[in-house]
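What follows draws every value from the coordinates through simple rules; no lab data is involved. Only a predicted model underlies this, so the values are computations on that prediction, with no experimental measurement involved. Virtual Cβ from ideal backbone geometry, glycine too; neighbours counted across all protein chains shown.
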Amino acid sequence: MSNSETEYQQRVARAYKWNFCASVVDGGVFSFTMSLLSPVVVLPYYVKLLSGSELLSGALYMLYALGRSLPQVVAANVIKHRSRRKPFMIWMALLERVGLAAILLSTLLIRGTDVSWSLAVFFSGYALLTFSLGFMSPAWLDFLAKAIYKRRGTFFGVLNAIGGMLSILGGIAFTVLTRSYAFPLHFTAAFGLGLAVSLISLAALAAYREVPSPFLAPRTSLGEHMRSLPALLREDRNFRNFIFSRAVIGVADVGVPFYAIYATQRVAGGAPEVAVFNLTLMASQAISTLLWGYLGDRRGYRLIYQIATATGFATAVLALVASDLGGYLLVFTLLGATLGGLVIADSNLVLEISPRAQTPTYIGMMNAVLGPVTGLAPMLGGALATAWGYPTVFAVAMGAQAAGWIGMSILVREPRDTQRPGVALVH
């Protein structure tokens, strides 16, 4: 090992505890902010109240899915040859706060029946927020891969636990606000609180102690990188089958933005009930991820996909047959468990499938394929809801979950049973 590499590792080690704490504060506090702008419960309900349109509610989730996934391929190519990630992250974080401010402004522009300016400002701000998050994600994860060089599992466990608890606190805050203020003031208060708290997260991000990396990838054009991807899919059959099966599961997102809307219609509820649904969803997702992670470590993450598609199927079935508040609380409990399972499985199975040297490429490819599917599915859901009603939407979701379960069970091999040379289960 050269002297420069030794010095680099020593500097990273000295900053380890500081970066551990700063990253937990950053990620945990930002989870509180995002709980007040949930793309599954809060924001679809806000857009529905504002516009009366199922299509626009579906477009909201499309923006979330596309914004969080598609920019990652471009961002990885932008940062890979740079020695520092923090300046790029700071710029993206500032753009995120501008997006949050625009979302808040949209609530202040509501004037009677003319909501065109409010909708335009809201969707512009939300697009800026989600795409900034997507651009920032590879840089943030790469920073953590270097800065949190040991006990990374413990780190993510602490981060998710604190983030989950703060998300629940955010859900409680939203519940209190909906019971204290009428529309649109409760959204103004919620979005304003989210923006204010996000400044704490920004301060924690600014406090990161980054050691410039001596390990730089060569600069390549985006075109060269993109042209190399089709060959990867042709050569790795298991990865290709995984991408296909996961994309089929993604079609089930046709129903995700509409469970809260349908539930409020069935139980004659309003904003207070939506707040309770949101809190139930976040609590279920936070708790279930601990169980999913424990099970995945011991039995493999393909099993998590199989169980999550089963709970997703049950979610859609129960949404159709439930008739009271208790039934729909169970719907959002199952939905939270399903989403939690997919988060854990998405973060881990691709790592076990991919060769160690190609892990970033595999992750980027997965997100590039899944982004359009999960982004367009809610738009399809909005069109189906408008034409044939919500039961049709949930029937399509059931079919996608069932087909995804078959794909994961038959087409995708468990990587731990078929480990190839150059593939490491621990990255």
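Axis of helix 301-321 versus longest Cα principal axis of the chain: the two differ by about 10°, to the nearest ten degrees.
Between Leu411 and Arg209, the modelled labels are 4.8 nm apart [label points 7 Å from Cα along Cα→Cβ]. The aspartates and glutamates whose alpha-carbon is closer than 18 Å to the alpha-carbon of Lys48, local same-chain residues fewer than 8 away aside, are Asp114, Asp253, Glu273.
In cubic angstrom, how much convex hull volume per residue do the alpha carbon atoms of the stretch 189-315 span?
Working: hull volume 29.6 nm³, N = 127.
That works out to 233 Å³ per residue.
Sorting check: for 48-60, 370-382, 234-246, which peptide has the highest mean count of neighbouring beta carbons within 10 Å, and how do the rest follow?
On the way: 48-60: 20.2, 370-382: 22.7, 234-246: 17.2.
Output ranking for 48-60, 370-382, 234-246: 370-382, 48-60, 234-246.
For the chain, the longest principal axis of the C-alpha atoms and the axis of helix 3-14 are separated by about 40°. Its alpha carbons considered, the chain gives a radius of gyration followed by a Dmax of 21.3, 69 Å. For the peptides 331-337, 403-409, the ranking by mean Cβ contacts within 10 Å, running from highest to lowest, is 331-337, 403-409.
Within the same chain, lysines fewer than 8 places from Lys146 are excluded, and of the rest, those with a Cα less than 22 Å from its Cα are Lys17, Lys80, Lys86.
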